[in-house]
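Asker: Dropping the structure in here first, questions after.
What follows is calculated from the coordinates using simple rules that are stated; it is not laboratory data. Note that this is a predicted model, so its numbers are computed, not measured. Note: ideal-geometry Cβ built from the backbone for every residue, glycine included; neighbour counts use all protein chains shown.
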Amino acid sequence: MAFRFEDLQVWHRALALSEQINQLTKTFPKDEVYVLTSQIKRAADSVVLNIAEGSTGQSKAVFKLFLTYSLRSAIEVVSCLFIAKTRGYLKEDLFKQLYDEYESIVKMITALKNSF
C-alpha cells in the first residue's frame, strides 16, 4: 500500500461507515438535501479524510491534531443520527447499529491518538 493511512484499520472502518451514511441519506426527504443530508455526509467523510490527511508523514503532534478533528467529526455524525431519529428518518435498530459503530470508531481514534 502506498499511503500510511491504508494500513490503518480505523481508516478502513471509517470509510465503510461513510458509505453506510451515504446510503442512509438517500432515504432522507428531499427537503433535507441541503441541511441534514449534507451535514451528516460531510461529517462522515471528514472522519475518513482527517485520518488520512493527518497520517501523511508529518509530526506525531500534527497527526494527533488531525485525529482530534476526526474525533469531533465522528461526534458530529452521532448528533446528526439523533436528529435523524428524532425527525423519524431513522428507525431505532439502524440508529443503534450506527451509534455503536461510531462509538467503536471514537474509541479507536482515541486509542490511536493516545498511542503517540
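Asker: What are the chymotrypsin sites (Phe, Trp or Tyr not before Pro) within the stretch 15-89 that DSSP puts in a loop, where the Cβ has at most 13 other Cβ atoms within 10 Å?
Answerer: Y34
Asker: Defining a contact as two alpha carbons under 8 Å apart and six or more residues distant in sequence, what relative contact order in percent does the chain show?
Answerer: Result for the chain is 28 percent.
Asker: Another question, if that's okay. Would you please give the residues with an amide H less than 5 Å from that of S55, counting only those at least 5 places away or on a separate chain, with H modeled from the backbone geometry?
Answerer: none
Asker: Just want to confirm a number: the relative contact order over the stretch 49-116, from Cα pairs under 8 angstrom separated by 6+ residues, in percent.
Answerer: Dividing the mean separation by the residue count of the stretch 49-116 yields 35 percent.
Asker: Quick one: what are the phi-derived ³J(HN,Hα) couplings along the stretch 44-58, Karplus 6.51/-1.76/1.60 with θ = phi - 60°, whole Hz, x for glycine and proline?
Answerer: Whole-Hz 3J(HN,Hα) from phi for the stretch 44-58: 5, 5, 5, 4, 5, 5, 6, 4, 5, 4, x, 8, 7, x, 6.
Asker: So what J values fall out for the stretch 5-19 if you push phi through Karplus, 6.51 cos²θ - 1.76 cosθ + 1.60 with θ = phi - 60°, rounded to Hz, Gly and Pro as x?
Answerer: Along the stretch 5-19, the couplings run 4, 5, 8, 8, 4, 4, 5, 5, 5, 5, 4, 4, 5, 4, 5 Hz.
Asker: Modelled label-to-label distance, R87 and V62, 7 Å Cα→beta-carbon offset: nm?
Answerer: 3.7
Asker: Here is a further query. In a shell of Cβ-Cβ distance under 13 Å around E19, excluding E19 itself, what net charge do Lys and Arg (+1) and Asp and Glu (-1) give?
Answerer: Around E19, the surrounding residues sum to +1.
Asker: Moving on. Cα convex hull of the stretch 4-114: mean projected area in nm², to one decimal?
Answerer: 6.4
Asker: How big is the charge dipole of the stretch 9-73 about its Cα centre, in debye rounded to the nearest 20, if each Lys and Arg gets +1 on its Cβ and each Asp and Glu gets -1 on its Cβ?
Answerer: Dipole magnitude for the stretch 9-73 comes out near 180 debye.
Asker: Ok, one more. Each residue of the stretch 81-96 in turn: what ³J(HN,Hα) in whole Hz from Karplus with 6.51, -1.76, 1.60 and θ = phi - 60°, glycine and Pro shown as x?
Answerer: 4, 4, 4, 4, 5, 4, 7, x, 8, 9, 6, 4, 5, 6, 4, 4
Asker: Which entries in the list K30/K91; K30/K107; K26/K64; K64/K96; K30/K64; K41/K113 go over 26 Å, if you measure between the two C-alpha atoms of each?
Answerer: Listed pairs above 26 Å: K30/K107; K26/K64; K64/K96; K30/K64.
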